[in-house]
Amino acid sequence: MNLIDQVEQLFIQDKIDIFLGYKALDGHLLPHGFTRDRMEELKALQVSEGRYSLEKIATHLTEKHPDIRIGMIARECNLRTLNLLYTWKQLNPENIETINISCCPSPLKPHSDCSYLEPKQTGAYKKTHGIDFNADPDTFLDDFNNKNRFSRWMYEFNKCIKCYGCRNICPVCFCDECSLEHASLVEPGTLPVDVPIFHLIRATHMAGRCIDCGLCEDACPMDIPLRLLYRQVNAIVSDIFDYRPGNGTDQSPFTIIGEKTVLEPKPMDAQLEGEKEYGL
């Protein structure tokens, strides 16, 4: 059964009120909500290689209509996001239906497309002074010493124009109040952005949340390697708590308040050594 037929069946069986997919507009595939009262639009439903945060649209719809039943196209990164949103009570899994789309790079599988299947091209200057898009997060710490890593990250952070694209596209950014808009943390209306505090605040908030979809990096107009940054932050979470965001619906360690502290406080110099270890 093809994609359009599957969506039609969801409507016919009264399982969904709206289906989130993609529709061509002026030559661009953009997110679109397909509804039962306009079923004729389904013939325009497509899968897009370019990715948008359909889950974020779902959370906004749910905020306004808590009982709405939503269907959506879902790759593996979308499924990880949904697991995390269920955990944080942002979406109700009973109100979500997914049609899974293969993002396997094999040409033998249908719909094998994703903006991350092809490696990004990194310019010579960026390779020399910044961070290669295709840097291996497992070997990045060994490839450069602390001073060199710091210099490269500062080169990347200093390019930031504070467009908030990374936050706005992120499917797991759902706080009612954003720390990046607190004047005491990030001075409003000024450029360049406070370096490195802006990106360190966001990186901290991505700990235990980032599902490694890479949308933030896709959206960044300054080509900052945000995916690598958040991978390194979540490597710490994984090492300490054995937790990987989106791999199931287990609660994040940051949502659980126990009766006693299980981590021992460490002196500042020990914390700094830990930061050096992870290249932050």
Worksheet item: Using alpha carbon centroids, what distance separates the range 116-171 and the range 183-244, in Å?
Response: 12
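Sum up the lysine pairs in the range 3-100 that clear both bars: alpha-carbon distance under 18 Å and a spacing of 8 or more or different chains. Display every interim value, and only then the final one.
Working: Lys23/Lys43; Lys23/Lys56; Lys56/Lys64; Lys56/Lys89; Lys64/Lys89.
Close lysine pairs found across the range 3-100: 5.
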Worksheet item: At a probe radius of 1.4 Å, what is the per-residue accessible area of Tyr125, in Å² to the nearest 10?
Response: 130
Fill in: Cα-based Rg / Dmax (Å) for the range 1-70
12.1, 34
Worksheet entry | Cα Rg, Dmax (largest Cα-Cα span) when computed across the chain, Å | 20.5, 64
Practice prompt. Find how much the distance from Asn134 to Asp250 grows on full extension, using 0.36 nm per residue of separation minus their present alpha carbon separation; answer in nm with one decimal.
Written response: 38.7 nm
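Determine, from the Cβ-Cβ distance of Ile161 and Glu49 and an R0 of 25 Å, the FRET efficiency 1/(1 + (r/R0)^6), rounded to the nearest 0.05.
Working: r = 26 Å, r/R0 = 1.05.
Approximately 0.45, to the nearest 0.05.
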Worksheet entry | In sequence order, calculated HN-Hα J values of the range 41-57 (Karplus, 6.51, -1.76, 1.60; Hz; x Gly/Pro) | 5, 4, 5, 9, 5, 9, 9, 10, 5, x, 10, 10, 7, 5, 5, 5, 4
Worksheet item: Between the helical axis of 226-241 and the dominant principal axis of the chain, each derived from Cα atoms, what acute angle in degrees is found, rounded to the nearest 10?
Response: 80
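Hey, can you find the accessible area per residue of the chain for me, probe 1.4 Å, expressed in square angstrom? Don't jump to the answer; show the numbers that get you there.
Details: 15850 Å² over 280 residues.
Ligands and nucleic acids excluded, the result is 57 Å² per residue.
Just order 90-96, 232-238 by mean Cβ neighbour count inside 10 Å, highest at the front, would you?
Values: 90-96: 16.1, 232-238: 17.9.
The densest-packed peptide leads the list: 232-238, 90-96.
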Item to complete: Compare the peptides 197-206, 244-253 by average per-residue count of other Cβ atoms within 10 angstrom and give them in order, highest first.
Response: 197-206, 244-253
Discussion item. On C-alpha positions alone, give me the angle between the axis of helix 76-87 and the longest principal axis of the chain, in degrees, nearest 10.
Written reply: 80
Worksheet item: How many nm is it between the label spots at Ser238 and Asp142, if each spot is 7 Å from the Cα in line with the beta carbon?
Response: 1.5
Worksheet item: Quick one: how many lysine pairs in the range 119-260 have C-alpha atoms under 26 angstrom apart, if they're 8 or more apart or on different chains?
Response: 11
Worksheet item: By how many degrees, 0 to 90 and rounded to 10, does the Cα axis of helix 268-277 deviate from the longest principal axis of the chain?
Response: 60
Item to complete: Heavy atoms only, probe 1.4 Å: what % of the accessible area of the chain goes to carbon and sulfur, would you let me know?
Response: 52
Discussion item. With a 1.4 Å probe and all protein chains kept in place, how much accessible area does Tyr86 have, in Å² rounded to the nearest 10?
Written reply: 40
Response to the item:
To the nearest 20 debye, the chain has a Cα-centred charge dipole, built from +1 on Lys and Arg Cβ and -1 on Asp and Glu Cβ, of 400
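The values are calculated or read from the model by the stated rules, or taken from the named source; none is laboratory data. Note that the structure is a prediction, hence the values are computed from the model and not measured. Note: ideal-geometry Cβ built from the backbone for every residue, glycine included; neighbour counts use all protein chains shown. Just so you know, the surface numbers come from the protein's heavy atoms only, side chains and all, with ligands and any DNA or RNA stripped out. Shrake-Rupley method; radii C 1.70, N 1.55, O 1.52, S 1.80 Å.
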